[in-house]
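Chemist: One structure follows; several queries about it will come next.
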Amino acid sequence: MAGPCSAETEQQVMETARPLAAMGVGVFRAGLWKPRTRPDSFEGVGAAGLPWLQRVKTELGLPVAVEVASVRHVEEALNHGIDVFWLGARTTANPFAVQEITEALRGTDVSVWVKNPINPDVDLWIGALERLNRAGITRLGAVHRGFSAFGATAYRNVPYWQIPIELHRRIPELRLLVDPSHIGGSRDRVAALAQYAMNLDFDGLMVEVHCCPERALSDAAQQLTPDGLQTMLQRLRLRRPQVKEGDLAVLQRFRDDLTRIDDQVLELLARRMSVSDRIGRLKKENNVVILQRERWNEVLAHMGAVAREKGLSDEFVMKLYDAIHAESIERQQRVMEDSPEQACTRMDDDVDNKLK
Ligand code: PEP
Ligand code: MN
């Protein structure tokens, strides 16, 4: 799916759509009603652009998709024969809006793509898909466009790939596209993100393409030219779902190795936790605090050094040890808790003391 962030003029729409149709793009996208972060930005041409999209459909035979965020958008688009819709990230985050749009689409046979909500919440994403599905919209798909984050990051919208991967795990039959344009936020990042998505076996891409990106009225920095898209698609390596027959046995051996190692990792973690419990009991007997900050700083410094030596990334090892440390503390807290008998004795003592 490809096309401009926004439809701007009939000429821009046609100039962009013609080469896309020629290169075999599946669906032409163009935003008419643009949800902008700040007022005074270009908010789209609105319903005035619908006849331009109809022209793309009839003259070039290309299905066209628009973003809908309200009942009015749905009605106007349906009246103009639009049959592919997408819900934008800000809309997916709002169950009232999703429900109203769903009601407006009920009984139609259109195809709907749901972008992830701006916040990294897989249930909210699934909730929007469920609302549509329950209203009989079965031609459903999802679009991963990254998530908002505070402060500067390497992306416009952070991908948190685990979230679309989790969506796929929960609804394996759902088609999933990646929108590398809104994740990357700049033209030069689009190709690498698209390849990353193909390596993860996503079903396709939604890419912003404009006949003259520098002059685009929205998202100018991230749109490709039609030629740029063609080059990217030619270079994109599609991976097969499985290794070659002859390599299956090799892969299986590697996987068996991983399983054995994982068993050992868990065995070691269990042993580590039982040592930690014993330390907890010792701390309890000595009535000392659980968190020994100096000790923890020493552990982190040591693990950082070992990680570097072993070629593991600092970030990964720190995340891992944060989780291990949190679990250790949790277990020592439980050790510190009085057993029910001890708690009763302590209460009796308190009562005795008061009576005295
Ligand atoms: C868009 O596709 O142009 C758009 C506004 O997307 P999102 O909802 O992902 O921000
Ligand atoms: Mn855009």
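Chemist: Mind telling me which of the residues Pro180, Pro164, Pro213, Pro172 ends up being more than 30 Å from Ala22 (Cα to Cα), within 14 Å of ligand 1 (Cβ to nearest atom) and either free of Cβ contacts under 8 Å to residues at least 24 places away in the same chain or surrounded by 19 or more Cβ atoms within 10 Å (Cβ to Cβ) (or both)?
Modeler: Testing whether each residue is more than 30 Å from Ala22 (Cα to Cα), within 14 Å of ligand 1 (Cβ to nearest atom) and either free of Cβ contacts under 8 Å to residues at least 24 places away in the same chain or surrounded by 19 or more Cβ atoms within 10 Å (Cβ to Cβ) (or both) leaves just Pro164.
Chemist: Another question about this same structure. If a residue must be closer than 25 Å to Ala197 by Cβ and either of a type in the set (A, V, I, L, M, F, W, C) or away from ligand 1 (no atom under 16 Å from the Cβ) (or both), how many such residues does region 112-144 contain?
Modeler: Within region 112-144, residues that are closer than 25 Å to Ala197 by Cβ and either of a type in the set (A, V, I, L, M, F, W, C) or away from ligand 1 (no atom under 16 Å from the Cβ) (or both) number 21.
Chemist: Kindly evaluate Leu248 against the criterion of being under 18 Å from Gly184 (Cα atoms) and not hydroxyl-bearing (Ser, Thr, Tyr). First the steps, then the outcome.
Modeler: On the way: under 18 Å from Gly184 (Cα atoms): no; not hydroxyl-bearing (Ser, Thr, Tyr): yes.
Criteria not met by Leu248.
Chemist: Quick check, is Pro39 assigned to a helix (DSSP H, G or I) and more than 24 Å from the chain's Cα centre (by Cα)? Quick ask: steps written out before the conclusion?
Modeler: Values: assigned to a helix (DSSP H, G or I): no; more than 24 Å from the chain's Cα centre (by Cα): yes.
When the stated conditions are applied, Pro39 does not pass them.
Chemist: Given the criteria more than 18 Å from Arg215 (Cβ to Cβ), hydroxyl-bearing (Ser, Thr, Tyr) and away from ligand 1 (no atom under 15 Å from the Cβ), does Thr58 qualify?
Modeler: Yes; evaluated as a whole, the condition is true for this residue.
Chemist: Let me ask another. Of everything in region 26-43 that's touching a residue at least 40 places away in the same chain (Cβ under 8 Å) and open to solvent by 10 Å² or more (accessible area, probe 1.4 Å), which residue is farthest from ligand 2 (Cβ to nearest atom)?
Modeler: Taking the candidates together, the pick is Gly26.
Chemist: Return the residues of region 307-318 that are in a helix (DSSP H, G or I) and surrounded by 11 or more Cβ atoms within 10 Å (Cβ to Cβ); say none if nothing qualifies. Lay out the reasoning, then the answer.
Modeler: Narrowing region 307-318 to residues in a helix (DSSP H, G or I): 307-310, 314-318.
Selection gives Ala307, Arg308, Asp314, Val317, Met318.
Chemist: Oh, and also: Enumerate the pairs (first residue in region 238-262 and touching a residue at least 12 places away in the same chain (Cβ under 8 Å); second residue anywhere and assigned to a helix (DSSP H, G or I) and open to solvent by 90 Å² or more (accessible area, probe 1.4 Å)) with beta-carbon separation below 7 Å, excluding pairs fewer than 6 apart on the same chain, so at least 6 apart or on different chains.
Modeler: Partner pairs satisfying both residue conditions: none exist.
Chemist: Follow-up. So Gln12 ticks every box in (1) within 16 Å of ligand 2 (Cβ to nearest atom); (2) free of Cβ contacts under 8 Å to residues at least 60 places away in the same chain; (3) more than 29 Å from the chain's Cα centre (by Cα) but one. Which box is left unticked?
Modeler: That leaves (2) as the condition not met.
Chemist: Can you tell me which of (1) under 21 Å from Leu140 (Cα atoms); (2) open to solvent by 60 Å² or more (accessible area, probe 1.4 Å) is the one Gln54 doesn't meet?
Modeler: For Gln54, the failing item is (1).
Chemist: Shifting gears a bit: All but one of (1) of a type in the set (Val, Ile, Thr); (2) away from ligand 1 (no atom under 14 Å from the Cβ); (3) in contact (Cβ under 8 Å) with a residue 24 or more places away in the chain hold for Thr153; which doesn't?
Modeler: (3)
Chemist: Here's something else I'd like to know. Any residue in region 86-106 that is closer than 14 Å to Asn116 by Cβ and open to solvent by less than 10 Å² (accessible area, probe 1.4 Å) sitting within a Cβ distance under 6 Å of a residue that is hydrophobic (A, V, I, L, M, F, W, C) and assigned to a strand (DSSP E or B)? List the pairs, counting only those 6 or more apart or interchain.
Modeler: Trp86/Ala65; Trp86/Trp113; Leu87/Val114; Thr92/Val114
Chemist: Being buried (at least 18 other Cβ atoms within 10 Å of the Cβ) and more than 16 Å from ligand 1 (Cβ to nearest atom): is that true of Ala197 here? If you could, list the steps in order and put the result at the bottom.
Modeler: On the way: buried (at least 18 other Cβ atoms within 10 Å of the Cβ): yes; more than 16 Å from ligand 1 (Cβ to nearest atom): no.
When the stated conditions are applied, Ala197 does not pass them.
Chemist: Within region 81-97, identify whether any single residue is modelled with pLDDT of 95 or more and acidic (Asp, Glu), and answer yes or no.
Modeler: no
Chemist: Determine which member of the set Gln222, Gln332, Gln230 is closer than 30 Å to Val207 by Cβ, in contact with a Gly (Cβ under 6 Å, 6 or more places away or on another chain) and surrounded by 10 or more Cβ atoms within 10 Å (Cβ to Cβ).
Modeler: On the way: Gln332 fails: closer than 30 Å to Val207 by Cβ; Gln230 fails: in contact with a Gly (Cβ under 6 Å, 6 or more places away or on another chain).
On inspection, the qualifying residue turns out to be Gln222.
Chemist: A follow-up question, please. Inspect all residues belonging to region 229-236 and state whether any of them is within 16 Å of ligand 1 (Cβ to nearest atom) and within 16 Å of the chain's Cα centre (by Cα).
Modeler: No, every residue in region 229-236 fails to be within 16 Å of ligand 1 (Cβ to nearest atom) and within 16 Å of the chain's Cα centre (by Cα).
Chemist: I need the full set of residues from region 43-91 which are assigned to a helix (DSSP H, G or I) and in contact with a strand residue (DSSP E or B) (Cβ under 6 Å, 6 or more places away or on another chain), in order please.
Modeler: Answer for region 43-91, where residues must be assigned to a helix (DSSP H, G or I) and in contact with a strand residue (DSSP E or B) (Cβ under 6 Å, 6 or more places away or on another chain): Leu53, Val56, Lys57, Ala77, Ala89.
The values are calculated or read from the model by the stated rules, or taken from the named source; none is laboratory data. Nothing here was measured: the structure is a model prediction, and the numbers come from that model. Ideal geometry is used to build each Cβ from the backbone, glycine not excepted, and the neighbour counts take in all protein chains shown. Remember, those area values only see protein heavy atoms, side chains included, never the ligands or the DNA or RNA. Shrake-Rupley method; radii C 1.70, N 1.55, O 1.52, S 1.80 Å.
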